[in-house]
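S.K.: Please find one structure pasted underneath; my questions will follow.
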Amino acid sequence: MQSKLALLKTKTARLILAASVILVPLAAKADVLEDRSADITGPVSMSEGGLFDLIFKILNWLLGLVGLAAFVMLLYGGFLYLTAGANEEAPKKAKNVIMYAVIGLVVIALAYAVVSYFKGFAGTEVTTS
């Protein structure tokens with residue numbers, strides 16, 4: 001029973017890692033907090049921002065969401081490490097969670113760089129705000 005649970009956790013972790021590697025480049029630096037209520041008073045058209053602009057905004061939003069998830073996992077790993085007590089397995093689990101969270105943050109940073117690189121080729125403006 002324990003090995004099935006461990007196998008399920010491993011498969012879930014691999015699925016999350018694969019999904020983040022695929023989806024991370026989709027979300028580099030989204031403008032989700034910008035007030036665009038004035039923009040939607042008329043008919044919606046793709047001519048203002050273009051399709052590439054829309055795609056990069058979606059990618060930015062997803063990258064921010066995945067980055068938040070990696071940060072939460074980093075905090076979770078720290079909490080597990082602090083509350084390990086005398087249990088010998090808990091610190092190992094906590095170290096693994098922290099290690100994978102840091103790897104995830106590195107992958108997210110690299111994905112942001114890739115998206116910014118391709119955003120420059122698409123002819124859209126790369127901004128940091």
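The values are calculated or read from the model by the stated rules, or taken from the named source; none is laboratory data. Only a predicted model underlies this, so the values are computations on that prediction, with no experimental measurement involved. Cβ atoms come from the backbone with ideal geometry, glycine included; neighbour counts cover every protein chain shown.
S.K.: Just one of the numbered conditions (1) closer than 19 Å to Thr10 by Cα; (2) among the small types (Gly, Ala, Ser); (3) not in a helix (DSSP H, G or I) is not true of Ala86; which one?
M.R.: With (1) closer than 19 Å to Thr10 by Cα; (2) among the small types (Gly, Ala, Ser); (3) not in a helix (DSSP H, G or I) applied to Ala86, the lone miss is (1).
S.K.: Can you tell me which condition Gly64 does not meet? The list is (1) farther than 27 Å from Lys119 by Cβ; (2) modelled with pLDDT under 90; (3) assigned to a helix (DSSP H, G or I), and all the others hold.
M.R.: The single condition Gly64 does not satisfy is (1).
S.K.: While we're looking at this one, here's another question. Please name all residue pairs, on different chains or six or more residues apart, with Cβ atoms under 7 Å, provided the first residue is in the stretch 94-117 and is touching a residue at least 40 places away in the same chain (Cβ under 8 Å) and closer than 11 Å to Leu63 by Cβ and the second residue is surrounded by fewer than 16 Cβ atoms within 10 Å (Cβ to Cβ) and β-branched (Val, Ile, Thr).
M.R.: From residues that are touching a residue at least 40 places away in the same chain (Cβ under 8 Å) and closer than 11 Å to Leu63 by Cβ, the pairs are Val107/Val21; Ser116/Val126.
S.K.: Same structure again: If I ask for residues that are more than 12 Å from the chain's Cα centre (by Cα) and either at pLDDT 90 or above or not small (Gly, Ala, Ser) (or both), which ones from the stretch 103-127 would you list?
M.R.: Going residue by residue through the stretch 103-127, those that are more than 12 Å from the chain's Cα centre (by Cα) are 113-127.
Hits for the stretch 103-127 are Val114, Val115, Tyr117, Phe118, Lys119, Phe121, Thr124, Glu125, Val126, Thr127.
S.K.: Checking the condition farther than 26 Å from Val106 by Cβ, at pLDDT 75 or above and among the aromatic types (Phe, Trp, Tyr), which residue from Phe56, Phe79, Phe52 passes?
M.R.: Among Phe56, Phe79, Phe52, only Phe52 is farther than 26 Å from Val106 by Cβ, at pLDDT 75 or above and among the aromatic types (Phe, Trp, Tyr).
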